[in-house]
Amino acid sequence: MSDSIPTTTSGYRIDLKAGSFDGLHLDESMPVPALGADDVLISVQAVSLNYRDIAMPLGLYPASARGDVVPCSDGAGTVLAVGSDVKSLKAGDMVCPTFFQDFEDGYATKESRATSLGGLNDGVLRKHAVFKEKGLIKIPDFLSTVEASTLPCAALTAWNALFGVGGRALEPGHWVLTQGSGGVSIFALLFAKALGAHVVATTGDKGKEQRLKDLGADLVINYRENPTWGRTAMEFIEKQGGTGAQHVIEVGGETTMEQSLKAVAPEGLISIIGFLGGSTAERKTGFWDCFASACLVRGVLVGSKKQFRDMLSFMEDNGVRPVVDERTFKFERAREAYEYLEAQKFFGKVVIEVQD
């Protein structure tokens, strides 16, 4: 083992009791554990943010999280050293930690869900980290570390939504409805267009409408100007000879589900991914709405390592590159990145560059 291997590192932790971004604090003397036989030490180069990451310090995250956890699930880095039994990775490889550290294939279980990063277990917003070999995936050379940092949660969630249900995987000519211009929705748009599918995208920001069209959206609907955007999407798709959206990427939650049900095709799939729209005391949707739409509604929990490999192969074969917001943030200014994401000024993925 090289003498240059660090024993301490800098990283952030979150005090979940703070209820604000004041709970995000920098610890400059985090211990770096000694490597076990199946461990890998990485130098984290870049970290990307998901809504989940800002929801935790703001007290909006509905699932369990550990107090004083190192935040963020999505990052990429370079292997510095490996344990004696590690076979698939070597020093110098670019890797991403997987969102679930122990989820190789099949369906997520209670046990595999307990291995998530950035909530129940320390995440990637630190300069160095040690992970098990099985919790890392090698990234192809065509991607930069900044681009790769966007993949573990956002990209894989979109991939699972579109391709994760047997018999209902996205096909050329299908219609996809995406909501907003965040990571999951943008990745769904990119994957769909690369496959030869059609996309109706929604946004609440007029300044982002053309950018969505530039990425290939066949129709962009401003949901602030058109509150019945689900019906508008359906009517547009029907004029093109379709029956509705075979896939709806539902990131809004209770406030958008009503319109998603208006847009979905019979036997189509609504993938419930987020809760960006918050909650409402007024009942919006229920059993009869789902029955009347004759669709499938599925909660998506990121994805497996096998799906991650399949996604990387598709991206490389089709030249799909992540969309990263034009503004990136230095490690010392992580809080500004959190505030930027909360303000919803971004387009694509918000990235923190960890190492200079």
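The values are calculated or read from the model by the stated rules, or taken from the named source; none is laboratory data. Keep in mind it's a predicted model, so treat the numbers as computed, not measured. Cβ placement follows ideal geometry from the backbone for every residue including glycine, while neighbour counts extend to all protein chains displayed.
Quick look at the numbers
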{"quantity": "Exclusive hit being aliphatic (A, V, I, L, M), in a loop (DSSP other than H, G, I, E, B) and in the same structural domain as GLY23 (by TED's automatic domain parsing), set VAL69, VAL47", "calculated": "VAL69"}
{"quantity": "Search result, residues across region 4-55 that are among the aromatic types (Phe, Trp, Tyr) and touching a His at 6+ places or on another chain (Cβ under 8 Å)", "calculated": "TYR12"}
{"quantity": "Filtered residue count, region 345-356, keeping only those that are closer than 20 Å to PRO57 by Cβ, assigned to a loop (DSSP other than H, G, I, E, B) and touching a residue at least 12 places away in the same chain (Cβ under 8 Å)", "calculated": "3"}
{"quantity": "The listed residue being among the charged types (D, E, K, R), buried (at least 18 other Cβ atoms within 10 Å of the Cβ), more than 21 Å from the chain's Cα centre (by Cα) and assigned by TED's automatic domain parsing to the domain that holds PHE346, out of ASP85, ASP39", "calculated": "ASP39"}
{"quantity": "Hits in region 202-219 (condition: crowded, with 16+ Cβ neighbours inside 10 Å, out of contact with any Phe, Trp or Tyr (no Cβ under 8 Å at 6 or more places or on another chain) and within 14 Å of VAL323 (Cα to Cα))", "calculated": "LEU212, LEU215"}
{"quantity": "Any chance VAL320 is of a type in the set (A, V, I, L, M, F, W, C), farther than 21 Å from LEU60 by Cβ, at pLDDT 95 or above and in a loop (DSSP other than H, G, I, E, B)", "calculated": "yes"}
{"quantity": "Residue in region 167-177 that is closer than 23 Å to VAL95 by Cα and out of contact with any His (no Cβ under 7 Å at 6 or more places or on another chain) present", "calculated": "no"}
{"quantity": "Region 101-136, subset within 16 Å of the chain's Cα centre (by Cα) and surrounded by fewer than 21 Cβ atoms within 10 Å (Cβ to Cβ), residue farthest from VAL350 (Cα to Cα)", "calculated": "ARG113"}
{"quantity": "Region 42-55, residues that are among the hydrophobic types (A, V, I, L, M, F, W, C) and surrounded by fewer than 21 Cβ atoms within 10 Å (Cβ to Cβ)", "calculated": "ALA55"}
{"quantity": "Any hit, region 320-332, residues being surrounded by fewer than 22 Cβ atoms within 10 Å (Cβ to Cβ) and without any contact (Cβ under 8 Å) to a residue 12 or more places away in the chain", "calculated": "no"}
{"quantity": "From ARG298, ARG283, ARG335, residue being at pLDDT 95 or above and among the basic types (Lys, Arg)", "calculated": "ARG335"}
{"quantity": "Leading residue by the ranking (nearest to GLN355 (Cα to Cα)) among those in region 145-169 that are out of contact with any Phe, Trp or Tyr (no Cβ under 6 Å at 6 or more places or on another chain) and not in a helix (DSSP H, G or I)", "calculated": "SER149"}
{"quantity": "Single residue of GLY274, GLY207, GLY252, GLY278 found to be modelled with pLDDT under 95 and assigned to a helix (DSSP H, G or I)", "calculated": "GLY207"}
{"quantity": "Residue among ASP74, ASP15 that is closer than 27 Å to PHE346 by Cα, among the charged types (D, E, K, R) and in contact with a Ser or Thr (Cβ under 6 Å, 6 or more places away or on another chain)", "calculated": "ASP74"}
{"quantity": "Test for THR232: is it β-branched (Val, Ile, Thr), at pLDDT 95 or above, buried (at least 19 other Cβ atoms within 10 Å of the Cβ) and touching a Phe, Trp or Tyr at 6+ places or on another chain (Cβ under 7 Å)", "calculated": "no"}
{"quantity": "Test: residue in region 128-135 that is part of a helix (DSSP H, G or I), at pLDDT 95 or above and out of contact with any Ser or Thr (no Cβ under 6 Å at 6 or more places or on another chain)", "calculated": "yes"}
{"quantity": "Residues (among the acidic types (Asp, Glu) and more than 26 Å from GLU353 (Cβ to Cβ)) located in region 302-342", "calculated": "ASP310, ASP317"}
